Every structure is written in C-alpha cells, then in structure tokens.
1. From zero outward in steps of 5 Å, how is the percent of C-alpha pairs of the range 126-180 spread across the bins?
2. If packing is taken as the average count of other Cβ atoms within 10 Å, what order do 212-222, 124-134 fall into, highest mean first?
3. To the nearest 0.05, how large is the calculated FRET efficiency for Leu127 and Ala148 if R₀ is 25 Å and r is the Cβ-Cβ distance?
4. Counting only heavy atoms of protein chains, what accessible area per residue, in Å², does the range 343-410 have with a probe of 1.4 Å?
5. Counting other Cβ atoms within 10 Å, keep those with at most 15, restrict to DSSP loop, and tell me which GluC sites (Glu not before Pro) in the range 329-377 are left.
6. How long is the range 309-393 along each principal axis, judged by its Cα atoms, biggest number first, in Å?
7. Would you list Cys175, Cys194 from the most to the least accessible area, probe 1.4 Å?
8. Pop out the ³J(HN,Hα) list for the range 386-396 in order, Karplus 6.51 cos²θ - 1.76 cosθ + 1.60 with θ = phi - 60°, rounded to Hz; leave Gly and Pro as x.
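The values are calculated or read from the model by the stated rules, or taken from the named source; none is laboratory data. Since this is a predicted model, take the numbers as computed values, not measurements. Quick reminder, even Gly has a Cβ in these numbers, built from the backbone with ideal geometry, and neighbours come from all protein chains shown. Quick note on the areas: whole protein, heavy atoms, side chains included, nothing else; ligands and nucleic acids left out. Shrake-Rupley method; radii C 1.70, N 1.55, O 1.52, S 1.80 Å.
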Amino acid sequence: MSRDPLLESLQTAVETAPDDATLRLHLARLLLAAGEHGAAIRHAAVILQADPGHPEALALICEQAIGESPPSTPISDEELLRRLDTEFTGVVPPMYVDEMDDDLDGEPDDGGLAEMLDSFTPEAPGLTLADVAGMEEVKARLEAAVLAPIRNPDLVKLYAKSLRGGLLLYGPPGCGKTFIARALAGEIGARLLCVSLADVLDMYIGQSERNLRAIFEIARHNAPCVIFLDEIDALGQKRTQLRSSASRGTVNQLLTEMDGLAADNEGVYVLGATNHPWDVDVALRRPGRFDRMLLVLPPDEAAREAVLRFSLRDRPIAAIDTGALARMTAGYSGADLAFVCESAAERALLDSVRTGRPRMIQMSDLEAAVKDSRSSIGPWLQTARNVAEFGNADGSYDELLTYLRSVKLA
C-alpha cells in the first residue's frame, strides 16, 4: 500500500526546513492519524530537544506515553522523562534520563574528570636540578623553600612546618622557568602536570572552573605531583581588571583548589610561572597560596655556555669557543642563545648552497650571529623597572630592584 502523497510532501518540506517546529508538529499529527506512531514520536522528540517546554509537542508525546493529556496536577519532570525513555525504548534512543543521571541520583557531575583522567596524564620529567647549569642562587632558594622540607619530614613535624602553598617563578621571558619546574619535579621524584591557558579556559560558562577542578583531581590521583601553571598572570589575573564575571569565577576556583577546601592537597605541589607577577591577583599571593616568589634571571655565564653547547650538540661544528661566546652574550636569555645558534646554522647552510659544498659551522658564523642579534628582554626590563621602583611598597620586588640597578638598559 502506497503512502499518502501529502505525508511524503510534508516529509520533504521538513527535511528542507528542519527547524520549523510548526511544520514538523503538523507532520507528526498526520502521522499519528495514519497510524505511524513511532515516526510521529520521533518528530515530537526533535521539537522537544530544541524547545523542552514546547506545549503542543509535549502534549502529543505525553498522550502517547501515558495514555492521556498532561494531567492538571503535573508529575515531576524527572518522572515524566523516565517514562518517556522507558515507553519508547527501541523507537527512539534515550535522550533525557542519561543526561540527568547524576542529578537524579543525587551525585554531582564530575565535570569531565573521567575523560580528562584518560587524556591528560602527568609526565615523568626525567631530569633533576643537576641538569640545570649555573643558576646557583635559584637552586639554593629552591632547596630552602621546597626541597629541604620534603626531604626531612621528621623535622617538618618537629617544627610544625607547613608544606601548603605554592612557589611563583617570575622573570624575563625565555629564561628557563619551565625547565626549572621540570627539574624540580624530577628532583623530588614527582610527576609533572603542565597546565596552559588552553587547558583551562572554555567558551561555556562554568566549564573553565570544572576544568580547573579536574586538573587538581588528576594531580591528587597521581600524588606526589607538581602542577605547573604556566602564564599564571593570564589565568589568575587581578579580578579588578577583569570585565567578565566568568573570568572572575575561574580565579575564584583556582583559589579554592589551592586552599584544598574540597579535597586534601597532600602530595600536590603547585608552581606558577609568569613574566608579569604584578598582574597576578593579590589573593593568589597571600600566605598559603603563591606565598613565595622566586626571581629567575637571564642565565649567568656558566649557564649561557651550557645552553650554547646544548643548542649546538647535533650540528656540525668546528673550533667553537663556547666560553668566549658566553662572555659575548651577557644579558641574553636562553631563547636568545638558541636563536643565535639557529642563525649561525642558517649562515653555514646558505653558504653551502652557494658553493655546492657542505661545510661546518665555524666560530665566525656564531660571532656574526651575535653581532646581528640583541637581547630580547629589553622591553621587559623597562616595565619591570617601573614596577620595582614605583610599585614596591611592600618590598616584594627588592631582589628584582637590586638586579635592575646592576644592568644597563638598552
């Protein structure tokens, strides 16, 4: 028996305009009259997915589910949705109850923790502070602030020393803050969870807070674990500078997680890194949170030589005096030094193309690369000097001010 041509025409029209609820509802009623109950229910369900409170679609589907129009004393939404999914099992897939299971069972949604546990696994750093060349003052500060208490738990108990709080690494860009975080995690035998802004922020309201909660839960599951929050000034920016209430909620959630109000942070160590500590919310820097700041300066001469050797290790070189190069590059960041080696390799490559004969990277190539380059931290130094001289009422930047007075700005 052929199908009614009117139904075929309406079906085509609905496929052309799938968001037209009036047209779809008219088709559903005609399908009911023709005895095609399953097809009618599917169309009504599509309307309810887009508009859960659509009265006519709800009346149609209720009539089929419970045999009557919606009662004058309505049943609860949860009960109605359970009936709908149960009644039409095999006709349409469950589209209501599964999404509400957590709420119906009285258990809170985990904010995607299960998925993040599978996809966001802390890493084993594979290096220690012995792999960090130079920076002896930074290492000494790390020993006093973090390593000594962790290595001497009995003394921690004796002196009632708290291990709560975090360490904020700050300084010019490209000076090895991330490398130090990895080395510190390896030094204490902990796993490392590197968190960037993209891992936290989400376009949907409330999801950024859930992401932060999930990240801290992952760290607690993998304790001992170091959470490294890179560019913390973007994630924990001063709330007075934030125009969006959603962004303020992210800062509030970070404060809550660091305080360990929802769960115990035993074995979880938080490191933050920023080029602009003056933009970090003051609440994040109070005792118990990022209560200690560590200035990571451009590499000293020993560290510069080590960076140069590391950057040249897989390249063909001849008669290179890395010590002399280190003395020529005072004030360069680690990233600047890597760029010098890249530029020298580029010179040798282009010369080899011109002559048709590959040659080694020579000292002259590196000297020319140094001559054509300059330190990239000049703009940061200018900003830092303004803050250290005019915004240092509490003495937070005394160490920075001492360094700035010893260097000449370009």
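1. Answer for the range 126-180: a P(r) of 4, 15, 24, 23, 16, 11, 5, 1 percent.
2. The most tightly packed comes first, giving 212-222, 124-134.
3. After rounding, the FRET efficiency stands at 0.80.
4. For the range 343-410, the per-residue accessible area is 64 Å².
5. none
6. Here the spans come out as 61, 24, 19 Å, largest first.
7. In descending accessible area the options line up as Cys194, Cys175.
8. With the stated coefficients, the range 386-396 comes to 4, 5, 5, 8, 10, x, 10, 4, 8, x, 4 Hz.
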